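The values are calculated or read from the model by the stated rules, or taken from the named source; none is laboratory data. Computed from a prediction, not measured in an experiment: that's the story for all the values here. Methodologically, a virtual Cβ is constructed for each residue, glycine included, from the backbone with ideal geometry; neighbour enumeration extends over all protein chains shown. Note: accessible area is taken over every heavy atom of the protein model, side chains too, but ligands, DNA and RNA are not part of it. Shrake-Rupley method; radii C 1.70, N 1.55, O 1.52, S 1.80 Å.
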Amino acid sequence: MKILVMAGTRPEAIKLAPVIHELRKHTNITTVVCNTGQHREMIKQAFDDFNIIPDLHLDIMTEKQTLSSLSARLFEKTEETFKKESPDWILVQGDTTTVMVSAMCAFYRDIRIGHIEAGLRSFNKWAPFPEEINREIVSKIADLHFAPTKIAYANLIREGIEPDAVFVTGNTVIDALYWIQDKIEGQEAQLLDPRILKAKQEGKRIVLVTGHRRENFGHSFIEICQAIQEIANLYTDVVFVYPVHLNPQVQQPVMEILGDHPRIILLSPLSYMPFMALLKSAYMVLTDSGGIQEEAPALGKPVLVMRDVTERPEGVKAGVSKLVGPHKEAIVKHAVRLLDDEKAYMSMAHAENPYGDGHASARIIDALLNL
Ligand code: UD1
Ligand code: UDP
């Protein structure tokens, strides 16, 4: 069996890395890893920390790419790749443009599609944008669906997908997290920025921030930045650390509003090891990221989700994350509560693993081999 693994962005590399490790244990499978290069720097960082060197590079990223131009370049290069490689299966993960286009190209060429992290739904086509529609399209044409949770499974069944084609596996991000935990054990001092180490030594609390969602660009991003600035002004014992996504639509407001504050540290995107060390050292997290909503609960870090809807309700149900929206007042109110009220903090700061047990990749490969 020849399997072509398609990945284009940071979260796909992180969540596919344990699957690639698992695939490479099987000598009866020919595994080819294709980096579409939807992300240039950020996907390389992610693969590097897992010691994965992709076999193919499509190198399609351009500065400030639009969704249509990105898709057009992807369609062309992916079609060429499928023609040359003729895989039996492709594996895609999640809901990016790389995932949607790869699945469409495979469908056009009668290549089987395995979709990892299938069945997530916010039920709002504008949020996350365009990911909600990307994953719906992939669910329509995939042959095997690897749902991370029972909720995701139920979403797929409700949409009429054959139960035999759906496997509940857990999310491979938890496999990745466990794998990297072993590597960072005892390395925190080398992995953390000296300013963060100093703040920790002075007894300051670290609030980790990330944000990059398209539906938050513009007004909501400004509100998010203003909220962070306001909270930073209120507390001298809190330091915000924000590794800023390379998208210019994120860089511009973040640098402009938060670039010059004594208790806000802006960093370039971090590779997975230092990022996990940072998450471990954080008091809490403010984010609109999908993956971080899954990782933070596993480490017992309360998460305020700066989105109006989430396709990851498990963390909210478990009480470790809270949906506060990309709204200044709500972000400030909930962050202040977690910083001031120990009981409120402790009620959220418990480790829960609603997203997996670290064996998702093995289940996925088993399902493929048992076909
Ligand atoms: C993409 C995904 C999103 C995912 C996110 C993870 C789509 C539509 N969006 O969003 O689902 O959550 O990745 O981070 O697939 N850039 C660089 N270097 C990089 C990466 C990005 O310079 O390594 C800049 C470029 O100017 C690029 C822009 O960011 O044009 C946007 O990248 P793109 O992949 O289109 O969108 P993301 O916002 O990163
Ligand atoms: N991440 C990372 N370095 C960073 C920020 C995030 O390695 O500086 C990891 C994070 O741990 C998670 C993934 O990137 O596994 C999430 O990616 P992102 O937020 O870009 O995308 P999303 O999950 O929202 O699609």
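Just to be sure before I move on: is residue 358 farther than 26 Å from residue 23 by Cβ and outside any helix (DSSP H, G or I) in the structure I sent? Working first, answer last.
Values: farther than 26 Å from residue 23 by Cβ: no; outside any helix (DSSP H, G or I): yes.
It is false that residue 358 is farther than 26 Å from residue 23 by Cβ and outside any helix (DSSP H, G or I).
From 240, 275, which residue is within 16 Å of ligand 1 (Cβ to nearest atom) and either without any contact (Cβ under 8 Å) to a residue 24 or more places away in the chain or of a type outside the set (Asp, Glu) (or both)? Break it down stepwise before answering.
Working: 240 fails: within 16 Å of ligand 1 (Cβ to nearest atom).
Of 240, 275, the one residue that is within 16 Å of ligand 1 (Cβ to nearest atom) and either without any contact (Cβ under 8 Å) to a residue 24 or more places away in the chain or of a type outside the set (Asp, Glu) (or both) is 275.
Return the residue satisfying two criteria in turn: it lies in region 307-333 and is closer than 20 Å to residue 350 by Cα and buried (at least 21 other Cβ atoms within 10 Å of the Cβ), and of such residues it is nearest to ligand 2 (Cβ to nearest atom).
Of everything passing the filter in region 307-333, 312 is nearest to ligand 2 (Cβ to nearest atom).
Collect the residues in region 342-351 that are open to solvent by less than 60 Å² (accessible area, probe 1.4 Å) and out of contact with any Leu (no Cβ under 8 Å at 6 or more places or on another chain), keeping them in residue-number order. Steps first, please.
Start the filter on region 342-351 by keeping residues that are open to solvent by less than 60 Å² (accessible area, probe 1.4 Å), which leaves 344-345, 348-350.
Once the filter is applied, which keeps residues that are open to solvent by less than 60 Å² (accessible area, probe 1.4 Å) and out of contact with any Leu (no Cβ under 8 Å at 6 or more places or on another chain), region 342-351 yields 349, 350.
Suppose the filter is open to solvent by less than 20 Å² (accessible area, probe 1.4 Å), over 25 Å from residue 354 (Cβ atoms) and within 13 Å of ligand 1 (Cβ to nearest atom); does residue 269 pass it? Can you show your working first?
Details: open to solvent by less than 20 Å² (accessible area, probe 1.4 Å): yes; over 25 Å from residue 354 (Cβ atoms): yes; within 13 Å of ligand 1 (Cβ to nearest atom): yes.
So residue 269 fits the description; yes.
Evaluate region 20-33: report whether one residue or more is modelled with pLDDT of 95 or more and within 15 Å of ligand 2 (Cβ to nearest atom).
no
Residues of region 161-177 being more than 15 Å from residue 113 (Cβ to Cβ) and either within 16 Å of ligand 1 (Cβ to nearest atom) or part of a strand (DSSP E or B) (or both), which ones? Spell out how you get there, then give the answer.
The first filter runs over region 161-177 and keeps only residues more than 15 Å from residue 113 (Cβ to Cβ), leaving 163-164, 168-177.
Scanning region 161-177 gives 168, 171, 172, 173, 176.
Name the residue that is farthest from residue 335 (Cα to Cα), counting only residues in region 190-222 that are buried (at least 20 other Cβ atoms within 10 Å of the Cβ) and more than 15 Å from ligand 1 (Cβ to nearest atom).
By that ranking, first place goes to 191.
Check whether at least one residue in region 100-115 is open to solvent by 10 Å² or more (accessible area, probe 1.4 Å), closer than 19 Å to residue 313 by Cβ, modelled with pLDDT of 95 or more and over 17 Å from the mean Cα position of the chain (by Cα), and report yes or no.
Initially, region 100-115 is screened for residues open to solvent by 10 Å² or more (accessible area, probe 1.4 Å), giving 100, 104, 107-112.
Now restrict to residues that are closer than 19 Å to residue 313 by Cβ: none.
Checked region 100-115: no residue is open to solvent by 10 Å² or more (accessible area, probe 1.4 Å), closer than 19 Å to residue 313 by Cβ, modelled with pLDDT of 95 or more and over 17 Å from the mean Cα position of the chain (by Cα).
Please identify the pairs in which a residue from region 312-325 that is free of Cβ contacts under 8 Å to residues at least 24 places away in the same chain has its Cβ atom under 9 Å from the Cβ atom of a residue that is open to solvent by less than 30 Å² (accessible area, probe 1.4 Å) and of a type in the set (Lys, Arg), counting only partners at least 6 apart or on another chain.
Cβ pairs passing all conditions: 323/307; 324/307; 325/307.
Restricting to region 131-160, and then to whatever is assigned to a loop (DSSP other than H, G, I, E, B) and free of Cβ contacts under 8 Å to residues at least 24 places away in the same chain, can you tell me which residue is surrounded by the most Cβ atoms within 10 Å (Cβ to Cβ)?
159
Could you list all residues from region 143-167 that are within 19 Å of the chain's Cα centre (by Cα) and β-branched (Val, Ile, Thr)?
Hits for region 143-167 are 149, 151.
Looking at residue 190, is it outside any strand (DSSP E or B) and closer than 19 Å to residue 336 by Cβ? First the steps, then the outcome.
Details: outside any strand (DSSP E or B): yes; closer than 19 Å to residue 336 by Cβ: no.
Here the answer is no, as residue 190 does not meet what is asked.
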